[in-house]
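Structure first, then comments.
Derivation of every value follows stated rules applied to the coordinates shown; laboratory data play no part. The shown structure was predicted, so the numbers you read here are calculated from the model rather than taken from an experiment. Neighbour counts run over all protein chains shown; Cβ positions are idealised from the backbone, glycine included.
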Amino acid sequence: MKKLPLLTLTALSASGILWACGGGDDSDDSIVPYDAGPDVPIRYDTGVDAPDPALGQGTAFCEGTLGLIRNAVASCCSVAETSSLSVDLFKNAASYTTKCEQTLERSIGQHRTSPKSQDFDACLNGYAAVFSADAGACGGLDKYRSIDVLSPSCATAFIGKGEENDPCAGDFDCTPGTVCIGYSDTADGKCQTPAPQNGTCGVASGSGAPPVDFAISPGQSCSGNLYCANGNCQPTLIVEDAGCTSDPMCGNGGLCLDQRCSPPPLPGPRYAAGGYCHTSEDCNTGLFCDQKIVPPNDGGAPPGATGTCAPSLANSAAEGCGAPNTGIDHVCLGRCDGANCQPLCTFP
């Protein structure tokens, strides 16, 4: 189409003005509504280019969880004691805290996640109670090893915004009902619905758990009655089946007790003090499987039970942790020094 001369456009504009002022036909019959074609949904400005107001909350969360462990190690463990700690999280608490902060702040800055204030506060309050001043120099570390600090509130302290196939650094980036699959400490995964049998699940193959996972527990990345085994979804065992090594292997809400799948015992999810056990995993938090208290051979103990659930031993030279309890998890609140329980660290 040829361009109209400027003079012609000016004349047309002038005639339009005269018509609009009443110089034309008053009838609407000749007016044809403007049709822009198919309706296009309006996209409102979400402000994604602006700084997220939640920036800083990732740092606050990591400081209030892993940071408390870092501070406790720094205040009560010498350099030599720190390097010899058997708990990886304690030994690397400083670098883990920094990495946790970087991961969460990046997700918040990219508008992938935001804190859920009630659960955010509840999780931090749980950690604060463990590492309170009255716990003493190393008391917080000892308590942390013997109780379950990662409450359900920690897993839901952040709510994700990622839909199916959106990038994610953890479940905290994904909307409820989806989980982050194939993520690692250095690379994003994708938000997916929980995987079917033989599907990929959890962290990237061959990758250890990213530091942020120590503060925010990942969700169940397999669908139905499946569990994640080395990055692959596998069927759970039926209750009363043998051969389990962890709770997720047991279906129908069962637990792995005495190395076999069993229904959750009453009154708690695990055996209370006095209950017969095979390993410390059979016992409630704060307890260990004391091999010195042998179950009676009267048929009252479950098959395979070799000990009795008892409170973890205090940090006293009078409390023995040697044979037959040598190497038993959680036998001491702190650490086993030879045959005696001692604080995890003794510095300064």
Local electrostatic count, Thr156, Cβ distance below 11 Å [Lys/Arg +1, Asp/Glu -1]: -1
- prompt: About its Cα centre, how strong a charge dipole does segment 270-348 have in debye, to the nearest 20, once Lys and Arg get +1 and Asp and Glu get -1 at the Cβ?
  reply: 80
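Quick one: net charge around Thr186, please, counting Lys, Arg +1 and Asp, Glu -1 for every other residue with C-beta under 15 Å from its C-beta.
Details: positive: Lys99, Arg106; negative: Asp185, Asp188, Asp213.
My count for the surroundings of Thr186 gives -1.
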query: Of Phe120, Phe158, how do they rank once you tally other Cβ atoms within 10 Å and put the fewest first?
result: Phe120, Phe158
statement: Expressed in angstrom, Rg and Dmax over the Cα atoms of segment 200-348 are 17.7, 51
statement: Sorted by chain and number, the residues with a modelled amide H under 5 Å from that of Cys250, at a separation of 5 or more or across chains, are Leu237
